[in-house]
Amino acid sequence: MKFLIITHVHHKEKENHYFGYAPYVREMNIWLKFVDEVVVVGPLSGSDITPIDIAYKHDKIDFRAVPDFSFTNFRNTVSALGKMPILFWEIFWAMIKADHIHLRCPGNVGLIGCVLQILFPNKSKTAKYAGNWDPKSKQPWTYRFQKCILSNTFLTRNMQVLVYGEWPNQTQNIVPFFTASYSENEILPLQDLKVTDAMIRFVFAGTLVEGKNPHYAIQVVEAFSKKGYTVQLDVFGDGKLRTELERYVQKRQLQHFIFLHGNQFAEIVKKAYQNSHFVILPSKSEGWPKVLAEGMFWGCVPLATSVSCVPYMLGEGGRGVLLQSDITTDVQGIQTLLDNPTLYNQKRQKAVIWSRQFTLELFEAAIQKLV
């Protein structure tokens, strides 16, 4: 089977290997176990390999670079229109020769793929919509356009669209799905994950951009410090807000308990989960936030805003705290757990039990049925 991936993820080449954002590539490597040949159509950059980049694992990979583009302003839109012929040409011919078409959405390259797949109603197809599928959510027009095409069973045929969460009034090709990070053989008994010191430890992991709202995570932990709690926040990730966050930490003299580690290898973040009480993600938009599922897997109680399928992941608050984006309210909600160890441990145990359903073995079995 020749398996075609249409993706917006930026790739890097080194010694004839192609690298990309680790969570995405790690997932795709599971798909690639079941195919003979792979064609990847996506942007290729010349930047250096970082700790959050890993390589595709397959003997036969044909990478076809296409220009990146966006519609964020007038200048970018004009530039994007000039790139359209190349994009349509590369994706169209890749689709003609593919046995299975796999779209990664939402994304600008995936948008082109959504349109062109209409021309191939008889080919086997899947789409992974990794963003927020909630029909009521406010999203850019490009996201709404992709959702509209993917859920239209007249335009989109012979395709299963994998989405996070279960939503009412969906077409038959919309399949509630999940993702996973850890294997069954990594599971440790809950008692072995007990945090032994008196310090209350928080973990934030994600790109340092406004959408992930890392500033709010820092403010929450800062509020607990002012209340006299001994706390620590480990921030993993990089992005355009990093300098601003570092200035905030220095200005408020928080350096002794707020630590910005930048991008780190998965094993380092995993150890941070294992030694923390809470994983915090006050994000403004999500798909299936792996950060929460990973933290829960290792015994962290999740603190997250009520977006996308997060309420489902947190059991409507039964195995975590749904943040309200109000410091006073959220600090009170978290403090209730700190002042009631029994309640904290109940939520923690429920979080662990829920997250450990979604192992790599289960994920691989589900993928195998799709290709």
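The values are calculated or read from the model by the stated rules, or taken from the named source; none is laboratory data. Values in this document were obtained by computation on a predicted structure and should not be read as measured data. Neighbour counts are summed over all protein chains in view; Cβ atoms, including those assigned to glycine, are modelled from backbone coordinates with ideal geometry.
Some observations on this one:
- Residues of segment 207-221 that are aliphatic (A, V, I, L, M) and part of a helix (DSSP H, G or I): ALA217, ILE218, VAL220, VAL221.
- Residue, surrounded by the fewest Cβ atoms within 10 Å (Cβ to Cβ), within segment 240-258, restricted to residues that are part of a helix (DSSP H, G or I) and aliphatic (A, V, I, L, M): LEU245
- Taken together, LEU81, LEU155, LEU87, LEU119 contain a single residue that is under 27 Å from LYS12 (Cα atoms) and either in contact with a Gly (Cβ under 9 Å, 6 or more places away or on another chain) or touching a residue at least 12 places away in the same chain (Cβ under 8 Å) (or both), which is LEU87.
- Among residues of segment 1-44 being over 21 Å from the mean Cα position of the chain (by Cα) and β-branched (Val, Ile, Thr), the one that is surrounded by the most Cβ atoms within 10 Å (Cβ to Cβ) is VAL38.
- The set of residues from segment 343-371 being under 18 Å from the mean Cα position of the chain (by Cα), assigned to a helix (DSSP H, G or I) and of a type in the set (Ser, Thr, Tyr) comprises just one member, SER355.
- Per-region count, segment 259-297, residues part of a loop (DSSP other than H, G, I, E, B) and either touching a Lys or Arg at 6+ places or on another chain (Cβ under 7 Å) or among the charged types (D, E, K, R) (or both): 6
One line per residue, one yes/no per condition, for (1) over 30 Å from HIS102 (Cβ atoms); (2) among the aromatic types (Phe, Trp, Tyr); (3) surrounded by fewer than 22 Cβ atoms within 10 Å (Cβ to Cβ); (4) not assigned by TED's automatic domain parsing to the domain that holds PRO135:
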| position | (1), (2), (3), (4) |
| --- | --- |
| GLN146 | no, no, no, no |
| GLN170 | no, no, yes, no |
| ALA198 | yes, no, yes, yes |
| PRO214 | yes, no, no, yes |
| GLN219 | yes, no, yes, yes |
| LYS227 | yes, no, yes, yes |
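- Just one residue in the set PHE19, PHE63 is under 13 Å from ILE5 (Cβ atoms), among the aromatic types (Phe, Trp, Tyr) and assigned to a strand (DSSP E or B); that residue is PHE63.
- Where a residue in segment 359-371 is closer than 27 Å to LYS123 by Cβ and its partner, wherever it lies, is hydroxyl-bearing (Ser, Thr, Tyr), with Cβ under 7 Å and at least six apart: PHE363/THR179; LEU370/THR126
- Restricting the first member to segment 325-336 and to residues that are of a type in the set (Phe, Trp, Tyr), and the second to residues that are outside any helix (DSSP H, G or I), no beta-carbon pair is closer than 7 Å while six or more apart or on different chains.
- Screening LEU303 against (1) more than 16 Å from ALA217 (Cα to Cα); (2) assigned to a strand (DSSP E or B) leaves a single unmet condition, (1).
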